[in-house]
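For reference, the structure discussed in these notes is given below.
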Amino acid sequence: MATATAKAAAGRGKTIGILTSGGDCAGLNAAIRAVVSRAVQGYGWRVFGIHDGTMGLMRRPIDYEELGPGISNVNILRLGGTILGTTNKGNPFAFPMPDGSVRDRSEEVIAGVRELGLDALIGIGGDGSFAILRRLAQQGGINLVGIPKTIDNDVGATENSVGFHTAVAVATEALDRLQPTAASHDRVMVLEVMGRDAGHIALAAGIAGGADVILIPEIPYTVEAVAAHIEKVRRQGRNFALVVVAEAVKNPEGQRVQRQQASGSVTYGGVGNALGDALAHLTGADTRVTVLGHVQRGGQPTWSDRMIASAFGIHAVDLVAAGKYDRLVAWQNRAVVDVPLVEAIAAPQQVDLDSALVRTARGLGICLGDAA
Ligand code: F6P
């Protein structure tokens, strides 16, 4: 933690802030490194790394550190997590206070930005974070640029967000490891993966990992359809089956398996076990369940996440240099572009049921849990 310093201390050029917000994922540090490299070495600016998302700007003294050229020299692009820390709680517009009440602390965050003398703020987040950061920016006149990150890959207007590729790689490796043990024991293996309201991880990893069944939130499933497919696989002479289920799938009545956390928040997780029990009951198959959970978020970023994060970081700083704000850096048609930030929060990017990947899955004979 460092004490707040006024812009007067910033010297020539711009002073920009950078923060990570929402759930962590692999590749965040590669994005931070790229931002620091471009801003400090490229433009001669100062970069203040704010700790724990907007929480760092709420604390007094402000919780931040200056990120110098050393950041771009060390190997932080290989590191998982975020060196700045993050949180997916603590919305400043409805901040949960220790006494159980909720308070609007947005002006404290805005005052923090002013105290640091930030000419611009680069926020690395998902759609929920951008909704909050954009509101803060509009209220406080903050020059904001967004870099999309989320393993769920559900930020609108970008084909890829930082962290998605690594999560898919981890889920695919899990299937690679489950397949031989499934075949050795004549078992049905259920793999539960993350993806709050979008099935991108399940769909991509399921295809890449040779799943027989892929269940995603965008397609309501019945356990009977899944059981019938497993019976079919058996009749075809195969002694095992691989089932990938996204944590947020819903049955035809729209019901999902959710868990109440001690903090009062509701999270997904648990559908894999419920599905495994139902399949064992219906098919008589020896069934085992693996819940991949946060393993998908940690660890080294893949080459792709490092590359995308680096490209996003450079473009974000160039946007600040050009005075283009309220923009989201995005990946479209094999290139880095920028779009209005509002597009990132307009609607989550769910799996398109007419997409090439859904057609690929159906073409491979993979059961998607429906009658199609
Ligand atoms: O949005 C990213 C994500 O990993 C989701 O896939 C998952 O549902 C959620 O975050 C888990 O959040 P937490 O880290 O609070 O358990």
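Of note:
- Unmet criterion (only one of (1) modelled with pLDDT of 95 or more; (2) open to solvent by 40 Å² or more (accessible area, probe 1.4 Å); (3) away from the ligand (no atom under 16 Å from the Cβ)) for N73: (1)
- Residues located in segment 183-197, provided they are crowded, with 22+ Cβ neighbours inside 10 Å and among the small types (G, A, S): G195
- The listed residues are E65, E115, and the only one of them that is open to solvent by 40 Å² or more (accessible area, probe 1.4 Å) and more than 23 Å from Y325 (Cα to Cα) turns out to be E65.
- Residue in segment 285-308 that is surrounded by the fewest Cβ atoms within 10 Å (Cβ to Cβ), counting only those that are within 16 Å of the ligand (Cβ to nearest atom) and assigned to a helix (DSSP H, G or I): H294
- For first residues located in segment 85-114 and in contact (Cβ under 8 Å) with a residue 60 or more places away in the chain, partners that are in a loop (DSSP other than H, G, I, E, B) and among the hydroxyl-bearing types (S, T, Y) and lie 6+ apart or on another chain with Cβ distances below 7 Å form the pairs T86/S21.
- Filtering R46, R60, R33, R103 for residues that are open to solvent by 40 Å² or more (accessible area, probe 1.4 Å) and within 27 Å of D152 (Cβ to Cβ) leaves a single hit, R33.
Per-residue answers, yes or no, for (1) in a loop (DSSP other than H, G, I, E, B); (2) within 15 Å of the ligand (Cβ to nearest atom):
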| site | (1), (2) |
| --- | --- |
| R135 | no, no |
| V145 | no, no |
| I151 | yes, yes |
| A157 | yes, no |
| R196 | yes, yes |
| I214 | no, no |
| P220 | yes, no |
| A225 | no, no |
| E231 | no, no |
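- T181 being in a helix (DSSP H, G or I) and modelled with pLDDT of 95 or more: yes
- Screening D176 on (1) part of a helix (DSSP H, G or I); (2) crowded, with 17+ Cβ neighbours inside 10 Å; (3) not hydroxyl-bearing (S, T, Y) shows it passes everything except condition (2).
- The selection criterion, being free of Cβ contacts under 8 Å to residues at least 60 places away in the same chain and crowded, with 18+ Cβ neighbours inside 10 Å, does not hold for G123.
- Condition met for N160 (open to solvent by 10 Å² or more (accessible area, probe 1.4 Å), in contact (Cβ under 8 Å) with a residue 40 or more places away in the chain and touching a helix residue (DSSP H, G or I) at 6+ places or on another chain (Cβ under 6 Å)): yes
- Members of segment 320-366 that are surrounded by 11 or more Cβ atoms within 10 Å (Cβ to Cβ), in a loop (DSSP other than H, G, I, E, B) and under 22 Å from the mean Cα position of the chain (by Cα): D326, L341, A347, P348, Q349, Q350, V351, L353, S355
- Candidates are the residues of segment 247-277 that are assigned to a strand (DSSP E or B) and within 20 Å of the chain's Cα centre (by Cα); the one that is surrounded by the most Cβ atoms within 10 Å (Cβ to Cβ) is Y268.
- Residue match in segment 4-12 (condition: aliphatic (A, V, I, L, M) and modelled with pLDDT of 95 or more): no
- Complete set of residues in segment 282-305 that are more than 17 Å from the chain's Cα centre (by Cα) and not charged (D, E, K, R): L282, T283, G284, A285, T287, V289, T290, V291
The values are calculated or read from the model by the stated rules, or taken from the named source; none is laboratory data. Because the structure is predicted, anything quoted here is derived from the model rather than measured. Quick reminder, even Gly has a Cβ in these numbers, built from the backbone with ideal geometry, and neighbours come from all protein chains shown. Just so you know, the surface numbers come from the protein's heavy atoms only, side chains and all, with ligands and any DNA or RNA stripped out. Shrake-Rupley method; radii C 1.70, N 1.55, O 1.52, S 1.80 Å.
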